Amino acid sequence: MALWPKKRLSIYVLTILSVIIFLVFITKEKTAKFKADFIRLKPIDLQYTILANFTVEYPVPLEMKFFQEGTVKAIKAREGDNLTKGQTIIELDDFKARQEYIISQKELEAAEIKLKNAREEILPKLEEKLKKLKADLAQAESMVQRYRKLEKEGGISRAQLETVENDYLRISSEYNQTKLEIDSFKSSGSLPYLESQVAIARARMELARQALDNTRVVAPYDGKVLKIYVQVGQKVNLYEPAARFVEKSPWILVLNVDQKDLPFLRVGLPAVVTTDAYPGKKLNAETVYVCTEVDKEKNTCELRLQIIDEAPFLRHGLTGSAEILAERYEKVLAVPARFVKKAPDGHYVWVWENGQARLVQVQTTSVGERWAIIEGLPESTILVDAGLETKADKISLYKEVFIN
């Protein structure tokens, strides 16, 4: 019975201690200060950059193929060689193709000689003959009319008149026959036939010339040989791979940037790029294309950069990162975007003055997602990074933020 009061006393003591601890915690919580980073407004030169990954897309290597069957006679270039347009890379045995081309040349020459002879000798002779017959016909017609008048007056016999009339008929028949021969020669006879033979011979020679040209694989434009797929003596088939070739032109990189950066993008912006394969080599580039529409699924905009520097180590398909110098602001009061608090009715900042924080509404200009330019506050104003819901009397300065 004597222990019961002691047990009850212990419970009372524990309860009182718990209440005291709770009250101390609440008091400490109410009096605790929010330690906030702060920054002093000062004019800075702000250079806004856009970071994005890229792939080297252009020029695209060309897979060259054989357009003629045959045996490889010679390889005129090595992998890595720089060639000018028209230089030979690979030669096939061209003996048969060259013979066929020479034969087709001779056939064309023969056909052209026949056509020339027809145009310059046969046809002119026929036309000269027709001209003479026309004159003879006119004279014969005049003789017939004269003899008919004489026969009527009794000056000549009937037999003499018939002789003249027969000569006229003969000359007229020969004239009509020659005229018909000329018309036929020009429209459906020898001349059209010879012209068609020349056209056929010319087409055959062109095919033979193309077949001869196809025995050579040549550089289609100035560029570099990346790969040779064959060896001397190897038999190749139609459309079999011959070589890989890349055009000598500026390298084009393709990037996809967030559509939020669209207001800062334009053709002509400078950039610095680094490839993953050669991280120590920085290259200068220039923006040459900005998307005309946004990718709705990715919410990105396609951007293309052209490499300005000499970069022999670049390859199609290489990846890397680019830093695009999108905008430059000189002597502006700018702070990291986290110091600006967004509310439904505008933008606010915590201003520290006279030893306490004060919430002030300001006008700002966002520079991407990282920076904000402050308007309406004087230089050297101290801004505090605290949430909108933080009580002003609970804010204290902690660590100053410096902008390099």
Cβ-derived FRET efficiency at R0 30 Å, T365 paired with T390, nearest 0.05: 0.75
Structure-derived Rg/Rh (Cα atoms, Kirkwood Rh): which label, when the choices are (i) 1.51; (ii) 0.96; (iii) 1.03: (i)
With Cα atoms, 0 to 90° folded angle of helix 158-187 axis to the chain main axis: 20
FRET efficiency estimate (nearest 0.05) - Cβ-Cβ, R315 to F402, R0 60 angstrom: 0.90
Coil-residue trypsin sites (Lys or Arg not before Pro) of the stretch 195-250, DSSP, other Cβ within 10 Å capped at 15: K248
In order through the stretch 300-314: 3J(HN,Hα) via Karplus (6.51 cos²θ - 1.76 cosθ + 1.60), integer Hz, x for Gly, Pro: 10, 10, 7, 10, 10, 10, 10, 5, 9, 6, 5, 9, x, 7, 5
For Y329, distant residues with modelled amide H under 5 Å away: L46, Q47, Y48
Length added when fully stretched, K331-K227, from 0.36 nm per residue minus Cα-Cα: 32.1 nm
Coil-residue chymotrypsin sites (Phe, Trp or Tyr not before Pro) of the stretch 40-123, DSSP, other Cβ within 10 Å capped at 13: none
Inter-part distance where the stretch 52-81 and the stretch 243-270 are each reduced to a Cα centre, Å: 24
C-alpha long axis of helix 95-117 to longest principal axis of the chain, angle in °: 50
Amide hydrogen neighbours beyond the local backbone of R370, cut-off 5 Å, H modeled: none
Sum of side-chain charges, P61 neighbourhood, beta-carbon under 11 Å (Lys, Arg +1; Asp, Glu -1): +2
Rounded tilt (10° steps) of 123-153 against the dominant C-alpha axis of the chain: 40
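Evaluate E = 1/(1 + (r/R0)^6) for A203 and L180, where r is the Cβ-Cβ distance and R0 equals 45 Å; express this FRET efficiency to the nearest 0.05.
My answer for the efficiency is 0.90.
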Cross-link table K73/K227; K342/K391; K248/K281; K106/K179, entries beyond 24 Å C-alpha to C-alpha: K106/K179
Neighbour-limited loop hits for GluC sites (Glu not before Pro), the stretch 88-162 (at most 13 other Cβ within 10 Å; DSSP other than H, G, I, E, B): none
Eligible aspartates and glutamates near K399 by straight Cα distance, threshold 14 Å, same-chain separation 8 or greater: D37, D385
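The numbers here are math on the coordinates, done by the rules we state, and not lab data. Keep in mind it's a predicted model, so treat the numbers as computed, not measured. So basically every Cβ, Gly included, is an ideal-geometry build from the backbone, and we count neighbours across all protein chains shown.
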